[in-house]
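Please treat every number below as a calculation from the coordinates, not as lab data. Owing to the predicted nature of the structure, the values given are computational and were not obtained by experimental measurement. Neighbour counts run over all protein chains shown; Cβ positions are idealised from the backbone, glycine included.
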Amino acid sequence: MKDYFIIAMLTLATGWRWSLPICGLLCVWCIRRRKIIASCMSTVLFVWTAIVAWEVEKYL
């Protein structure tokens, strides 16, 4: 399980320039459509992507 988490973090870190705006747009779209579960999941994905990108930039 830990290996999959590391691979997911590295994938998000390499593609954060395109995944962060897409996750943000998905958040806004789900919130406007009043999709509660989808908006919560997309918000978590957005925050996770931002944290991973910040951690990678901090150490590089």
- Query: Binned at 5 Å from 0, what are the whole-percent values of the Cα-Cα distance distribution for region 2-42, short to long?
  - Reply: 6, 24, 18, 19, 17, 12, 4, 0
- On full extension of the chain, what length is gained from Ile36 through Ala8, given 0.36 nm per residue of separation minus the C-alpha to C-alpha distance? 7.6 nm
- Note on the structure: In terms of the charge dipole of the chain, which places +1 on Lys and Arg and -1 on Asp and Glu at the beta carbon, the residue among Thr14, Cys27, Val56 farthest towards the positive end is Cys27
- Are there trypsin sites (Lys or Arg not before Pro) in the chain that DSSP puts in a loop and that have at most 10 other Cβ atoms within 10 Å, and which ones? Arg33, Arg34
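Using 0.36 nm per residue, how much length does the chain from Val28 to Thr43 gain when fully extended, once their Cα-Cα distance is taken away?
4.5 nm
Just how large is the dipole of the chain about the Cα centre, in debye to the nearest 20, putting +1 at every Lys and Arg Cβ and -1 at every Asp and Glu Cβ?
That gives the chain a dipole magnitude of about 380 debye.
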- Note on the structure: Taking every other residue with Cβ under 14 Å from the Cβ of Val52 and scoring Lys and Arg +1, Asp and Glu -1, one gets 0
